[in-house]
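J.: One structure, pasted below without further comment.
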Amino acid sequence: MTHRPVHGDGTVPPRTPWRRIGETFPWPSVLILAGLISLSLHGCGATPPASTPDPGPTTAPAPAGAEGELTAPTPHTHGSAGSRAVGSEAMVASAHPRATQAGVQILEAGGNAIDAAVATAFAVGVVEPMMAGIGGSGGMLLWLESEERAEYLDFYAVAPANPDTTFPHYDGPNHTPRGVAVPGTVAGLLEALESHGTMDRGQVLSHAIALAQDGFPVSPLLARTIAGDSTKLVQYRRSQEIFWPGYRPLRAGERLVQPELAESLRAIAREGRAGFHEGPVAQEIVQVLNEGGNPMTLEDLASFTPRWRRPVCGVYRGRTVLSAPPPQSGMQIVQTLNLLESQSLGESGPPFASSTDLHTLATAIRTAAGDRRSFLGDPDQVGVPARGLISRGFAAERASQVGRGASPIPHAVPEADPWAFEDEEPPEACRALIPFGSAPARLRPEPPHSEQASTPSSLGTAEVSSDGGQGGHSDRDHGETTHISVVDAEGNAVSLTFTQGVYFGTGAWAAGTFLNSGLFIFSTEGPNRIAPGKAPASTTTPTILLGRDGVEMVVGSPGGGRIPPAVIQTIVFILDYGVDPATALTFPRINPHFTAPNLDFEQGISGEVLAGLRGHGWEPLVFAPMSLHFGGVQLLWNDGQQWIGAADPRRDGAAAGY
């Protein structure tokens, strides 16, 4: 397959690596170093490397699509697996080895990338119940190779039809059923499967059902989150019995068995979305929520509809960049890369060797995060100038905020008006993909000559945390989310990010699952203000990069407001610095604040570089190395000869393929 030209001659410009891949950072040394760091920091933010779990008791598999006891996938390899894997045909990366293997086994059985992504996602909901599950929501970006077409499916949780409009002012603990939005994971995953998958529900859910029914050994990360969230996990009798048996938290290596979740998954396999959004499961969810003061109804659950949207699109270093449209934050990815396109990175050595490079990267991330802050909301209900924000014209206007032009940095990112660029044509490489369109006239603000819209600040204001979080409860934006990246042998790809919100969502428990904390994301005012049926703004950014011959990179991350910076840094480290994908995930990460000169960073940047940053006006704030705070990237990259999969060592993940 020959992808549409990204330059006039149809070529993709070569990288200008500061070293050959693997030359300066031989992988075995990096793996040993990452393991030592992770082990030394157990209990203070780092995730020890996942060991090969004990397969545990299993039962005979049922025929494809049938009910009955099924066998949980046992981790195995195709030459390589774990935090780095290599394959010539297909690959899966997720935040848990058993979920990754569920996806690989679907691919081996003849499924495509969509089948594998859905199987992996349902399995992740079993093995990472603190991060995601059938009570949560998310979004996925799909590349359909045979059609040379991208699609985005938004299944983020929405406010009920009669929401509690006072809730965004709520300032109590997050373990309240009042914070649950209408969940969308089940409807979204099944919509993708039915629209673009090839397997039936029984086949795709079999791995998740088996993992829930038979159980699996608790990982160190899961053990830590269980021990640290006792208030949520003991408020319902069954969640207490499962996660805190005898009022003692499950420990690493002990077995987590979830029979009620297995029953709910069987209902979904048997009845489709009706097995969750209607019937006994829906009735149990609504009863629990109503008893806790949440006005959600059976009709809210039954009427939930995933939204097919067009992805946002840009070009960086000759690659076509596809990412999540509003109300997710792919426009921050594209705008940041637009701001970096004219910059020379990687000429002064590896990442973090130069304070000049780091200042340039940080100011670009900061500017795009600040520009997003006033405008992000549900595009079905408010005007979002996504096309303006990702336009080259707007990037040129904001160039003075990046690099040497922004030294010393302003205390906060100055406001700007992207609406003036909303009708600019997208890059040529994007036009055939029909990207996210301009906001409809009915949702646009009054023209600038109007007294009501004379300044950018009058165009919309969203409540945000200074480090990039979104929503009225942004202090709870800690990144309890997960990501999955998949490619298949036919060239299809899926980048999927989904979430419970904060750890274990609200802790509300029904039908074997925790329920999300989606209503906490809404703001008290601005474009992200709560409204009936509205989806909240989100920082999730599942992303795919296309090269001359199709998909080149599939990437995404959890991490709340740190998601876009983590994705951007991964792209830049590979394309601008030429480092190996797995090595790119071991570098320290940064996260600039946009309402203060603070720069969060993971330990590992030299004092000399930090001194240079202070000279640019930054106030560096150090975090422990390999901190969960900075996300958990799941990455697939095609180097022109093979697929390289990498799972972030900050989490329990694994990449595997063949």
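The values are calculated or read from the model by the stated rules, or taken from the named source; none is laboratory data. On a predicted model such as this, the values are computed, not experimentally measured, just so you know. Ideal geometry is used to build each Cβ from the backbone, glycine not excepted, and the neighbour counts take in all protein chains shown. For accessibility, only protein heavy atoms count, side chains too; no ligands or nucleic acids. Shrake-Rupley method; radii C 1.70, N 1.55, O 1.52, S 1.80 Å.
J.: Taking region 480-519, which residues are on the phi > 0 side of the Ramachandran plot, open to solvent by less than 10 Å² (accessible area, probe 1.4 Å) and in contact with a strand residue (DSSP E or B) (Cβ under 7 Å, 6 or more places away or on another chain)?
T.: Within region 480-519, Phe504, Gly505, Gly507 meet the criteria.
J.: Then there is this: Please specify each residue of region 131-152 satisfying the condition of being buried (at least 24 other Cβ atoms within 10 Å of the Cβ) and not aromatic (Phe, Trp, Tyr). Walk me through how you get there before you give the answer.
T.: Within region 131-152, the subset buried (at least 24 other Cβ atoms within 10 Å of the Cβ) is 131-143, 152.
Hits for region 131-152 are Met131, Ala132, Gly133, Ile134, Gly135, Gly136, Ser137, Gly138, Gly139, Met140, Leu141, Leu142.
J.: Sticking with this structure for a sec: So in region 414-433, with the set limited to residues that are closer than 14 Å to Ala395 by Cα and aliphatic (A, V, I, L, M), which one is surrounded by the most Cβ atoms within 10 Å (Cβ to Cβ)?
T.: Ala416
J.: Regarding Val118, is this residue under 26 Å from Pro435 (Cα atoms) and open to solvent by less than 10 Å² (accessible area, probe 1.4 Å)?
T.: Details: under 26 Å from Pro435 (Cα atoms): yes; open to solvent by less than 10 Å² (accessible area, probe 1.4 Å): yes.
Yes; evaluated as a whole, the condition is true for this residue.
J.: If I go through region 246-265 residue by residue, how many of them are part of a strand (DSSP E or B) and basic (Lys, Arg)? Quick ask: steps written out before the conclusion?
T.: Start the filter on region 246-265 by keeping residues that are part of a strand (DSSP E or B), which leaves 255-256.
Those left that are additionally basic (Lys, Arg): 255.
Qualifying residue count for the region: 1.
J.: Can you find a residue that is among the basic types (Lys, Arg) and either more than 27 Å from Leu546 (Cβ to Cβ) or in a helix (DSSP H, G or I) (or both) anywhere in region 300-311?
T.: From region 300-311, those among the basic types (Lys, Arg) are 307, 309-310; that's our starting set.
Subsequent filtering for residues that are either more than 27 Å from Leu546 (Cβ to Cβ) or in a helix (DSSP H, G or I) (or both) retains none.
There is no residue in region 300-311 that is among the basic types (Lys, Arg) and either more than 27 Å from Leu546 (Cβ to Cβ) or in a helix (DSSP H, G or I) (or both).
J.: Oh, and also: Restricting the search to region 622-633, which residues are within 20 Å of Thr539 (Cα to Cα) and touching a helix residue (DSSP H, G or I) at 6+ places or on another chain (Cβ under 9 Å)?
T.: Filtering region 622-633 down to residues within 20 Å of Thr539 (Cα to Cα) leaves 627-633.
Residues satisfying the conditions are Leu628, His629, Phe630, Gly631, Gly632, Val633.
J.: To continue, here is another question. So Leu289 clears everything in (1) closer than 30 Å to Val567 by Cβ; (2) in contact with a helix residue (DSSP H, G or I) (Cβ under 9 Å, 6 or more places away or on another chain); (3) in a helix (DSSP H, G or I) except one condition, right? Which one?
T.: (1)
J.: How about region 287-317: which of its residues are among the hydroxyl-bearing types (Ser, Thr, Tyr) and either open to solvent by less than 10 Å² (accessible area, probe 1.4 Å) or in contact with a Phe, Trp or Tyr (Cβ under 8 Å, 6 or more places away or on another chain) (or both)? Steps first, answer last, please.
T.: Just the residues of region 287-317 that are among the hydroxyl-bearing types (Ser, Thr, Tyr), to begin with: 297, 303, 305, 316.
Once the filter is applied, which keeps residues that are among the hydroxyl-bearing types (Ser, Thr, Tyr) and either open to solvent by less than 10 Å² (accessible area, probe 1.4 Å) or in contact with a Phe, Trp or Tyr (Cβ under 8 Å, 6 or more places away or on another chain) (or both), region 287-317 yields only Tyr316.
J.: For region 318-358: of the residues being of a type in the set (Val, Ile, Thr) and in a helix (DSSP H, G or I), which is farthest from Leu142 (Cα to Cα)?
T.: Residues of region 318-358 that are of a type in the set (Val, Ile, Thr), as a first pass: 320-321, 333-334, 336, 356.
Filter once more, keeping what is in a helix (DSSP H, G or I): 333-334, 336, 356.
Numbers: Ile333: 17, Val334: 17, Thr336: 22, Thr356: 36 Å.
Going through the qualifying residues, I end up with Thr356.
J.: Now for a separate question. Looking at region 627-648 only, could you name the residues that are closer than 15 Å to Arg84 by Cβ and over 16 Å from the mean Cα position of the chain (by Cα)?
T.: Correct list: Trp637, Asn638, Asp639, Gln642, Trp643, Ile644, Gly645.
J.: I'm told Thr367 meets every condition in (1) over 24 Å from the mean Cα position of the chain (by Cα); (2) outside any loop (DSSP other than H, G, I, E, B); (3) under 30 Å from Glu151 (Cβ atoms) except one. Can you identify the failing condition by its number?
T.: (1)
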